[in-house]
């Protein structure tokens, strides 16, 4: 054997030993661990066998997912394993139903939902000898659905304007008890340059054009709707959006309304207040009844909350007023059924701009002779200089006839010192009994009151305290206060009959006349016997001369008795000295829906001479739970979502709604 043959034999032996060693070591390494694969061998250029290193990556987490988010009876679906990290080495799985009879295996990773209930599916990875499980719920078959607007009407096509909003939501045609996942619909627009839509179903117009909205149910059923964005109209128009940062619902306020005939006519104190600030922000006060607290929130121009604070109140809320001095004045009170002269009945609290209490004035039973504060009335406030006037209602101490009568009461506070300047007792100087709504305004030095009386007098009555601002600026020591009285709308019927068929919705100071607005039966053309048989109310305004000596009643709508249409829930908003907006609801009892008559919003714009400048019927409802305000050139208010608590969606129904009437050039 020559030298070359000997050298080749040595190399062969060495190579054989190395190969046996690699195979032996690889057999000692457990399956699934990161290791060098002994099978990855190759010859190098010299012909010597060498190993190729392949690192095996173990899975740190494995999640089992179904191809359907909402699995309903009859569905066929697949499952898959999602590995973390994604480059895990061993991913092949075999599948089976581990437990439960609601799901049956079809083949491979395909399964079928056969009955209501749950089932656990298991995936087995043989290389690592590991098992992974996930439990899936099989739900009822979802019914067909419609897309609705906030007025509860089915949507067929959608129309927007640039920068306008519209809220839609999906509702199943046959409602029954469905789980949370059944309520999660998705919204998608084909052309996002024309409009946008968020997960809550709020559409926003961007530019003129057309596109398609696709609404997808949790079970994958899709419906398409044509959407147009048109040029912004020159007249009045309205839109809506969610106020997602307001977590508490809007409270009931204004009037209680209960039907076409025989509705109660008394007011209730507002529990939600909105004020527009000069710096472009909105301030919202909302009473939290269960906590006896006031929520104070500040919003920017995009309705995003900037501040949120909760203020504990000593007693239930009566009213909130944002004063000209920048302070917040809160009136609250508690019952005094025992007629205790020492018990605090009304409390007027002053807060600074950071909502820190800086003063308080308590009115005890001996001073106000009150058993129930704010009873069957509202709480109106006005301020001039350091004089704060509060005009509200109450139930009084027991009279000589053995009854506790309801009437108005006026309280005057020195806003600087929080001293009491005047508290009406059993019979205040501007006494009205019963008084079912109250308003107070300053007109120069005159202090003017408006009450809705059902007895003494039985009318919508205005009282003018001439130079009242001067009298109120001093303590009430021997100063005789009196008012000039004028009846604006006489009410037929018996003295003290609570049913009046009349409601007062606003009182404001105008340039040429002062204006009182409301809705009423036609007392000028009906008898007392007809009071309970008439149901149609129309919108009226009373124009009162600046000297307070004369008035003129104008009817602004003409719904006929027997038409089953009526005007309700009116509020008046002062836009400027010669522009006033009347917002009300039109109920149509010819079209009864699940929740009552169909409704629209009526809007009339007038000047201080009573001339109608614009009017329009708008889609929506106006429940009059709060006073609208002028903000960014629009009339806005907040209302509770009528779908709250009905479960039409998983979360959208819990959001309050901002309603906006766009004035355009009419505001000038």
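What is the residue count in region 600-619 for residues that are surrounded by 20 or more Cβ atoms within 10 Å (Cβ to Cβ) and not in a strand (DSSP E or B)?
So the count comes out to 1.
With respect to residue 452, determine if the residue is touching a residue at least 60 places away in the same chain (Cβ under 8 Å) and surrounded by 24 or more Cβ atoms within 10 Å (Cβ to Cβ). Break it down stepwise before answering.
Numbers: touching a residue at least 60 places away in the same chain (Cβ under 8 Å): yes; surrounded by 24 or more Cβ atoms within 10 Å (Cβ to Cβ): yes.
It is true that residue 452 is touching a residue at least 60 places away in the same chain (Cβ under 8 Å) and surrounded by 24 or more Cβ atoms within 10 Å (Cβ to Cβ).
From the list 200, 178, which residue is in contact with a helix residue (DSSP H, G or I) (Cβ under 8 Å, 6 or more places away or on another chain), under 19 Å from residue 69 (Cβ atoms), outside any strand (DSSP E or B) and outside the structural domain of residue 97 (by TED's automatic domain parsing)?
Details: 178 fails: in contact with a helix residue (DSSP H, G or I) (Cβ under 8 Å, 6 or more places away or on another chain).
After ruling out the rest, the residue left standing is 200.
Output the residues belonging to region 550-560 that are in a strand (DSSP E or B) and more than 36 Å from the chain's Cα centre (by Cα).
551, 552
Anything in region 269-302 that is in contact (Cβ under 8 Å) with a residue 60 or more places away in the chain, touching a strand residue (DSSP E or B) at 6+ places or on another chain (Cβ under 7 Å) and surrounded by fewer than 19 Cβ atoms within 10 Å (Cβ to Cβ)? List them, or say none.
Matches in region 269-302: 275, 276.
Sort out for me the strands (runs of 3 or more DSSP E) sitting completely within region 89-156 that have 3 or more residues that are in contact with a strand residue (DSSP E or B) (Cβ under 8 Å, 6 or more places away or on another chain) and under 30 Å from residue 591 (Cβ atoms).
On the way: elements: 94-99, 103-107, 110-113, 117-125, 130-138, 145-149.
Where strands (runs of 3 or more DSSP E) fall fully within region 89-156 and carry at least 3 residues being in contact with a strand residue (DSSP E or B) (Cβ under 8 Å, 6 or more places away or on another chain) and under 30 Å from residue 591 (Cβ atoms), they are 145-149.
Matching residues to (1) over 11 Å from residue 515 (Cβ atoms); (2) in contact with a helix residue (DSSP H, G or I) (Cβ under 7 Å, 6 or more places away or on another chain); (3) not in a loop (DSSP other than H, G, I, E, B):
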{"residue": "533", "(1), (2), (3)": "yes, no, no"}
{"residue": "548", "(1), (2), (3)": "yes, no, no"}
{"residue": "562", "(1), (2), (3)": "yes, no, no"}
{"residue": "572", "(1), (2), (3)": "no, no, yes"}
{"residue": "589", "(1), (2), (3)": "yes, no, yes"}
{"residue": "598", "(1), (2), (3)": "yes, no, yes"}
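How about region 494-520: which of its residues are over 22 Å from residue 447 (Cα atoms) and surrounded by fewer than 22 Cβ atoms within 10 Å (Cβ to Cβ)?
494, 495, 496, 497, 498, 499
Do you know which residues across region 400-413 are surrounded by fewer than 19 Cβ atoms within 10 Å (Cβ to Cβ) and either touching a residue at least 24 places away in the same chain (Cβ under 8 Å) or assigned by TED's automatic domain parsing to the domain that holds residue 510 (or both)?
Selection gives 404, 405.
Hey, any hits in region 137-145 for a residue that's crowded, with 18+ Cβ neighbours inside 10 Å, in contact with a helix residue (DSSP H, G or I) (Cβ under 8 Å, 6 or more places away or on another chain) and under 21 Å from residue 65 (Cα atoms)?
Taking every residue of region 137-145 in turn, at least one turns out to be crowded, with 18+ Cβ neighbours inside 10 Å, in contact with a helix residue (DSSP H, G or I) (Cβ under 8 Å, 6 or more places away or on another chain) and under 21 Å from residue 65 (Cα atoms).
In region 194-201, is there at least one residue being closer than 30 Å to residue 587 by Cα and either surrounded by 14 or more Cβ atoms within 10 Å (Cβ to Cβ) or touching a residue at least 24 places away in the same chain (Cβ under 8 Å) (or both)?
Yes - at least one qualifying residue is present in region 194-201.
Has region 74-86 got at least one residue that is loosely packed, with under 12 Cβ neighbours inside 10 Å, at pLDDT below 95 and farther than 30 Å from residue 218 by Cα?
No, region 74-86 has no match at all.
Does region 474-482 include one or more residues that are surrounded by 23 or more Cβ atoms within 10 Å (Cβ to Cβ) and either closer than 18 Å to residue 376 by Cα or touching a residue at least 12 places away in the same chain (Cβ under 8 Å) (or both)?
Residues of region 474-482 surrounded by 23 or more Cβ atoms within 10 Å (Cβ to Cβ): none.
Within region 474-482, none of the residues are surrounded by 23 or more Cβ atoms within 10 Å (Cβ to Cβ) and either closer than 18 Å to residue 376 by Cα or touching a residue at least 12 places away in the same chain (Cβ under 8 Å) (or both).
Among the residues of region 238-258, is any over 27 Å from residue 161 (Cα atoms), without any contact (Cβ under 8 Å) to a residue 40 or more places away in the chain and surrounded by 16 or more Cβ atoms within 10 Å (Cβ to Cβ)?
Looking for residues that are over 27 Å from residue 161 (Cα atoms), without any contact (Cβ under 8 Å) to a residue 40 or more places away in the chain and surrounded by 16 or more Cβ atoms within 10 Å (Cβ to Cβ), one finds none in region 238-258, hence no.
May I ask you to say which residue of 421, 441 is closer than 18 Å to residue 392 by Cβ and in contact with a helix residue (DSSP H, G or I) (Cβ under 9 Å, 6 or more places away or on another chain)?
421
Does any residue in region 311-332 that is under 20 Å from residue 368 (Cα atoms) come within less than 9 Å, Cβ to Cβ, of a residue that is at pLDDT below 95 and surrounded by 17 or more Cβ atoms within 10 Å (Cβ to Cβ) six or more places away or on a different chain, and which pairs are these?
Close Cβ pairs satisfying both conditions: 317/251.
The values are calculated or read from the model by the stated rules, or taken from the named source; none is laboratory data. In this text the structure is predicted, and so the values were computed from the model without any measurement. All Cβ positions, glycine included, derive from the backbone under ideal geometry; neighbour counts span all protein chains shown.
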